[in-house]
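Colleague: So that we are looking at the same thing, I have put the structure below in C-alpha cells.
Any read-out appearing in this document is the output of simple, stated calculations on the displayed coordinates, not a laboratory observation. Just so we're clear, the structure is a prediction, and the values are computed from it rather than from any experiment. Every residue, glycine among them, receives a Cβ derived from its backbone with ideal geometry; neighbour counts consider all protein chains shown.
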Amino acid sequence: MFDAPVGRRALVLAAGGVGLAVATGAPAFAASPPATALDPRLAATPFDLHFRITEQFRPFGLIAPGFVQLDTATGAGGVRIARPGVQVSGGRLRLTGDVLIPTGVRPVAPYGTVEVEVAELGSEGSVVAGFAANSRQSILVRYAAAAGQVTIEVTVAGRTTIVGAAAVQLRAPFRFACVLNERAVTALADTTNTGAGWTPLVTERDRVAQLVDPRRPDVLGQLSYTFGGSGAGPVVFGRVRAGYFGQAGLRDPHVVQTTDGRPLVRDGKLYLTFTSAGLGFFQQAHWGVWTLDLADPRRLEQVSQIFFQRDGVLVGDHAGQIVYDQRRGRFIVLVSSWGTFAFQGVHVRHTTTAADLLRGVHLLPSQQLALPTSVSSWDPALTMIDGRWHVAFVESPRQMPEFVFHPALAVAPPGADYFQALRRRGVDPSVMMTEGCILQQVDGRWYLLASDGVARQYRVYDLDVRFLGTLDAPYGSNIPHPQIVPVTVGGRTDWRLITFNGTQYAEPVLGYGTHGDVIIMRAGER
C-alpha cells in the first residue's frame, strides 16, 4: 500500500445487465460448491519454496470490461439518443447547438467513467462528458477547441465553477473521457482514437469536494452519465460508452477462501480480491473480485465490483479479504477503511452477506471490527484454525509525520464467531513498515506472512507472531504482499506468489496512488 514517497508513507441494472446485489440471496454455487481443495502439503516449510518471477503485466482500463452500462454502438443502457439537436446516422451522433444528454444511467457509487469518440469538432466547438442531472446540476469535463483548453466544471443550482484547467490542443478524431473516483474528477484524452493511449490532462478533488459531494446517495442519485457538445460548426460523436471505472493498476491481492483456508477455484480459475487503483490517492481506489486463469496467468478478469455504504456516504474501501462460509451460506467480508482516509486513522471493517460476491456489483453496509488494539489497523486476514477464528492485521500507532506499522494476530474464543471477543495472540513491534498480512498453511502448519518495506523481504511468523525467517522470493518496489497459494494445473502442482509493485501511472499529473503492476511468481514442483 505504501512507499517511501508518502512518508514510510438481486437487482439487474438496465444498463449493461450488471447485477447489483443489495438484496440477499443464496450464492449461485451454494448447492454445489465450486471450490477445489488444493492440497497445501507441497512443501515441508515456506522456506522450501524458491520463487522466481514468471509474469509481470499491467491491467488498465477506464471502464472495467464486463461492467459497461451504456454503449451507443450496442444499445446497452437503453438510452434514447434521438432528441432535439441530435441527428443519428450511421452510428454517428451529429449535435447542433448546445446539447447536453443526461442518460439516466448511473453507477451505485461514485466510481464511473464516460468515454466519447469525437469524430468531428469545429474550431469553435466544444465537447463535454461527465455526470449531470440537468444543465443546473452537473460535474463535467469540457474541451473547448477555440480556447485550446480542457476544464473541469461543477454546476450547482445553476452556478458553474471551473475548478481545474489545462492548456491542450486536440484534433479530431480523438477520444475524450471523464473519470469520477470518489470526489476526484479527471479529464483524459486519447489522440490515437483507439482507447490504448489515454493521457490524463487535468484532475481535481479538493475544489470539487468544496462544491458537491457525489459520495452522498441523494447527490449521486440525481447524477447520471452525461455527454454533449456545443458551438458553431460540426460536433460529431462516434461511439459513446460509460460504466464502472476499471483500474490504473492493481494491488493488495488476497485469495478468496473457505473458512478453513482452502482457495476458491472454479473451472481452473482462482478467485481473489484486488484493490483497483484509481486516478489518484487511496480514496480514489476501490475493491473487487477477480479470477486468475491458472493455466494462463495473464488472463486476469474482474467478475465483481464491491462498494460500501457507511457514515452517510458511498465509498470504495479496499485492502481486505473475502471468506466463504459454506456451512452458514454466507460471505464474510473484512476490509480496510481507506475509502475515507485523511491521515486521521484507519480501521478494519466487516460485514456478512448471502449475496454472491463472486459476480455483479455490490453495495454493502459495514461496521468497525472490534480488534484488540487501540491504534489504527488495516490489511485483515481471516481463517478458522483449530476450531477458532484467527484475524491477522496491521497495527499502526502513527500515520503522521510518517507511517509506522507492524503485523499482529488476534484469536476468538472456541465456538465464537469471527468478530466476537477477539484477543491479542501476538505482535511484532520491532518492525516499522510491515503490512500485507497473509495466513497460509504449509504441510499442515499455519504461518503468518507479511511484507517488510524497510528490510525489503517477506517475513514468515508462527501464530504467536514469532519471526521464523523470510521467503526466498524477489522483492520489488513499494511493499508487495506475499500472497502465496498452492495450485494444480494439468496434473502438476506448484506454488504461486501473487503480488504487485509500486510502478505509478501518470504520477506528474495524478500524484501517488496509481500503482501497480501485477507480478506472479512460481516455485518449482516438489
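Colleague: Just in the range 67-161: which trypsin sites (Lys or Arg not before Pro) are loop by DSSP and have at most 16 other Cβ atoms within 10 Å?
Modeller: Arg80, Arg136
Colleague: How would you classify the range 434-526 from its alpha-carbon gyration tensor, with a ≥ b ≥ c the square roots of the eigenvalues: rounded for a/c under 1.5, else prolate if a/b is greater than b/c, otherwise oblate?
Modeller: Taking the square roots of the gyration eigenvalues as a ≥ b ≥ c, the range 434-526 is oblate.
Colleague: Let me ask something else about it. For His390, His50, His481, what's the fewest-to-most ordering of other Cβ within 10 Å of each Cβ?
Modeller: His50, His390, His481
Colleague: Follow-up. If you average the alpha carbon positions of the range 463-486 and of the range 41-81, how far apart do those two centres end up, in angstrom?
Modeller: The range 463-486 and the range 41-81 have Cα centres spaced 23 Å from each other.
Colleague: While we're here: Taking neighbour counts of Cβ atoms within 10 Å as a proxy for exposure, in what order, fewest first, do Asp311, Asp252, Asp293, Asp190 appear?
Modeller: Exposure proxy ranking, most exposed first: Asp311, Asp293, Asp190, Asp252.
Colleague: Once you have a ≥ b ≥ c as the square roots of the Cα gyration tensor eigenvalues for the range 343-491, tell me rounded if a/c is under 1.5, and otherwise prolate or oblate according to whether a/b is larger than b/c.
Modeller: It is rounded, given that a/c, with a ≥ b ≥ c, falls under 1.5.
Colleague: Still on this structure, I have one more. How do the peptides 473-479, 438-444 rank, highest first, by the average count of neighbouring beta carbon atoms within 10 Å per residue?
Modeller: With the highest mean Cβ count within 10 Å placed first, the list reads 473-479, 438-444.
Colleague: For the range 254-475, what is the relative contact order in percent, using Cα pairs closer than 8 Å and at least 6 residues apart in sequence?
Modeller: 13
Colleague: While we're looking at this one, here's another question. At 7 Å along Cα-to-Cβ for each site, give me the label-to-label distance between Ala157 and Val88 in nm.
Modeller: 3.7
Colleague: Run the numbers for Glu507 and Leu211: contour at 0.36 nm per residue of separation, minus the present Cα-Cα distance, in nm.
Modeller: Gain on extension, Glu507 to Leu211, equals 104.0 nm.
Colleague: How much of the DSSP bridge set in the chain is antiparallel, in percent, rounded to the nearest 5?
Modeller: Values: 169 of 180 bridges.
Antiparallel bridges: around 95 percent, rounded to the nearest 5.
Colleague: Tell me, what does the Kirkwood hydrodynamic radius of the range 373-450 come to in angstroms if you use every pair of distinct C-alpha atoms?
Modeller: 12.9
Colleague: If each DSSP helix of 4+ residues adds -39,500 (n - 2.57) and the sum is divided by the residues in the chain, what number results at 222 nm, nearest 500 deg cm²/dmol?
Modeller: -500 deg cm²/dmol
Colleague: Now a separate question. Give me Trp495, Trp290 sorted ascending by neighbouring Cβ count inside 10 Å, so fewest comes first.
Modeller: Sorted ascending by nearby Cβ count, the order is Trp290, Trp495.
Colleague: So between Ala342 and Phe467, what do we pick up on full extension, going 0.36 nm a residue minus the alpha carbon distance? Write down the numbers at each step before the final one.
Modeller: Numbers: separation 125, 0.36 × 125 = 45.00 nm, distance 3.22 nm.
Computed gain between Ala342 and Phe467 is 41.8 nm.
Colleague: Here's another thing I want to ask about it. Answer with a single label: of (i) 28.9; (ii) 23.2; (iii) 25.1, which was calculated as mean projected area of the Cα convex hull in nm² from the structure in view?
Modeller: Given (i) 28.9; (ii) 23.2; (iii) 25.1, the calculated one carries the label (ii).
Colleague: Based on the alpha-carbon gyration tensor of the range 63-246, what equivalent-ellipsoid semi-axes (square roots of 5 times the eigenvalues) come out, in whole Å, largest first?
Modeller: 22, 19, 16
Colleague: Still on this structure, please answer the following. How big is the shadow of the Cα convex hull of the range 254-475, averaged over all directions, in nm²?
Modeller: Quarter of the Cα hull surface area: 12.6 nm².
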